[in-house]
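Below is one structure, written out as structure tokens; the observations come after it.
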Amino acid sequence: MDATGGWVIGVLFDAWRSADHVAGTGGGADGLGGYLGAHILDQLDANDREFLISTAVLQEVSVESAVALGIDDAAGRLASLQRAAIPAQWSADPLMLRCHSRFREYLRGLLDHRGQAAVRELRAAHGRQLARSGFHEEAVEELLAAGALTDAYTSAKTAILGVVARLDFAVVDRWIEALSP
């Protein structure tokens, strides 16, 4: 239960992913994906489903963070999802959704199927939000992945001395290579 964040069905899926699992005794090749699609996402309103997939780039989803991604009806979607049976944790002030890690991983996979342009746009928006919140190192990674090099450079200038101070030269080298003209 601890390993699955209290999500009871997660116990089964963790067991099925185990090296000791005997094939053919349940779970299938993608038992988790099948379950999440059929019993969680397919039971949701289409707008709620779209919201969950679009916000999968975020670890924690608040109205503010969803709006930063360009989602206008974030408050309505969060209120609707709060009434749904999804594997997530909620906090009240401010209203915040944190999807179970396995569920978020599944949602990220669905997001990745939308195509590179859609994913890049969301990742760039997320990176800019991280930078505005002062998380420049994380912002650089997200912005580089999105191909937003100008924004990544701005955050890298702020974060690089901290990365050097902890002697993480592999990250510094990767940033310099990615951000070189």
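Using 0.36 nm per residue and subtracting the Cα-Cα separation, the extra length available between Asp72 and His113 on full extension is 12.5 nm.
When the square roots of the Cα gyration tensor eigenvalues are ordered a ≥ b ≥ c, the ratio a/c for the stretch 26-178 is 1.5 or more and a/b exceeds b/c, which makes its shape prolate. Using the Karplus relation 6.51 cos²θ - 1.76 cosθ + 1.60 with θ = phi - 60°, the per-residue 3J(HN,Hα) values for the stretch 46-57 come to 4, 5, 5, 4, 4, 4, 4, 5, 5, 8, 5, 6 Hz, with x marking Gly and Pro.
Would you work out if the stretch 100-140 is rounded, prolate or oblate? Take a ≥ b ≥ c from the square roots of the eigenvalues of the alpha-carbon gyration tensor; rounded if a/c is under 1.5, else prolate when a/b is larger than b/c, oblate otherwise.
oblate
Each value in this text was obtained by applying a stated rule to the coordinates, not by laboratory testing. In this text the structure is predicted, and so the values were computed from the model without any measurement.
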